[in-house]
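For reference, the structure is listed below as structure tokens.
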Amino acid sequence: MTGSVDRPRVGHIQFLNCLPIYWGLMRSGALIDVDLRKDTPDRLNTALVNGDLDIGPISLVEYLRHADDLLLLPDLAVGSDGPVLSVNLVSTRPLAELDGRPVALGSTSRTGVLLAQMLLAQRYGVAPKYFTCPPELTEMLLEADAAVLIGDAALRALYEAPRRGLTVTDLGQAWRDWSGLPMVFAVWAARRDFASQHPGLVKDVHEAFLRSRDLCLAELDAVAAAAARWEPFDAATLAEYFRALDFSLGDRQVAGLREFARRAAGTGAVPAEPSIRFFTG
């Protein structure tokens, strides 16, 4: 990469849903050119907002709250146009019966949590008693009637739920049913100040991500088989999961993003008119 002696500080979520974005970086040698920081989604959100990262994934909610300081990387996201499989509301009773009941919110989730809260309030007309806790399903359901989980914990819960008598509401599918649009859970963004000073570096990182994603999607079964060697899921499960995810950010996804922003603004959770701008360097 060119344009700076220092390597850009780039965030990496250590969840399976981000593996396709980073898979090809290992294959191409692009990782040599970046300072890759691996962490949980909430910590990466904070790092990018605070300027401790230059480029990285950020939950849609946190992006909307800090859009003035960030530029979206085009055609790069984690979302779904239907089931997402790994953003779930797991419940011991029907959702319409959660009014006044305790609901646990996984501490790693921000967008999934807000989506669940909006869905329960606006579609089911219930007002649960929410509390935040670590994303461990068994512990959550000791104190709550339902739990919001994302990432690998949510994927595990999806497959464990039937034998435990639990109901799983896939929040990607729930949003699709509710809005008719895709759901975007996380985007990739660069800090505006960094992008203005080092547009070439941002362009290089962005293009490396796109190449990595496209390489992974072209070899998806092989990627799933390799990942299954160190994950508690078999290759077929992982392949199904990767195919459910949408890693693009085209017109329909942006329409879904804007509709989520509009509805979320109605709750006061995000600014009414966030300054959504794309990196164009």
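The values are calculated or read from the model by the stated rules, or taken from the named source; none is laboratory data. Being a predicted model, the structure only gives us computed values, none of them experimental. Counting neighbours? That spans all protein chains shown, and the Cβs are built from the backbone with ideal geometry, glycine included. Keep in mind that these areas ignore ligands, DNA and RNA; they rest on the heavy atoms of the full protein, side chains included. Shrake-Rupley method; radii C 1.70, N 1.55, O 1.52, S 1.80 Å.
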Give me the pairs, please: first residue somewhere in the range 62-76 and within 10 Å of VAL49 (Cα to Cα), second residue anywhere and in a helix (DSSP H, G or I), beta-carbon distance under 7 Å, and either six or more positions apart or on two chains. GLU62/ASN45; GLU62/VAL49; HIS66/VAL49; ASP69/ARG192; LEU70/TYR63; LEU70/ARG192
When the range 115-147 is examined, which residues are found to be over 27 Å from SER179 (Cα atoms) and of a type in the set (Asp, Glu)? GLU136, GLU139, GLU143
Is the range 57-76 home to any residue that is open to solvent by 10 Å² or more (accessible area, probe 1.4 Å) and out of contact with any helix residue (DSSP H, G or I) (no Cβ under 9 Å at 6 or more places or on another chain)? no
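Do we find a residue being farther than 20 Å from VAL184 by Cα and open to solvent by 10 Å² or more (accessible area, probe 1.4 Å) anywhere in the range 267-281?
Filtering the range 267-281 down to residues farther than 20 Å from VAL184 by Cα leaves 280-281.
Of the ones still in play, those that are also open to solvent by 10 Å² or more (accessible area, probe 1.4 Å) are 280-281.
Yes, the range 267-281 has at least one match.
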Selection from the range 142-173 of residues that are within 22 Å of the chain's Cα centre (by Cα), over 20 Å from LEU119 (Cα atoms) and of a type outside the set (A, V, I, L, M, F, W, C): ASP152, ARG156, TYR159, GLU160
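When the range 79-95 is examined, which residues are found to be touching an Asp or Glu at 6+ places or on another chain (Cβ under 8 Å) and not basic (Lys, Arg)?
Filtering the range 79-95 down to residues touching an Asp or Glu at 6+ places or on another chain (Cβ under 8 Å) leaves 79-81, 83-88, 91-93.
Matches in the range 79-95: GLY79, SER80, ASP81, PRO83, VAL84, LEU85, SER86, VAL87, ASN88, SER91, THR92.
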Of residues in the range 196-221 being buried (at least 22 other Cβ atoms within 10 Å of the Cβ) and over 22 Å from the mean Cα position of the chain (by Cα), the one farthest from GLY56 (Cα to Cα): HIS198
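List the strands (runs of 3 or more DSSP E) that sit entirely inside the range 129-191 and contain at least 3 residues that are among the β-branched types (Val, Ile, Thr). Can you show your working first?
Numbers: elements: 129-133, 146-150, 167-170, 183-191.
Here the list reads 167-170.
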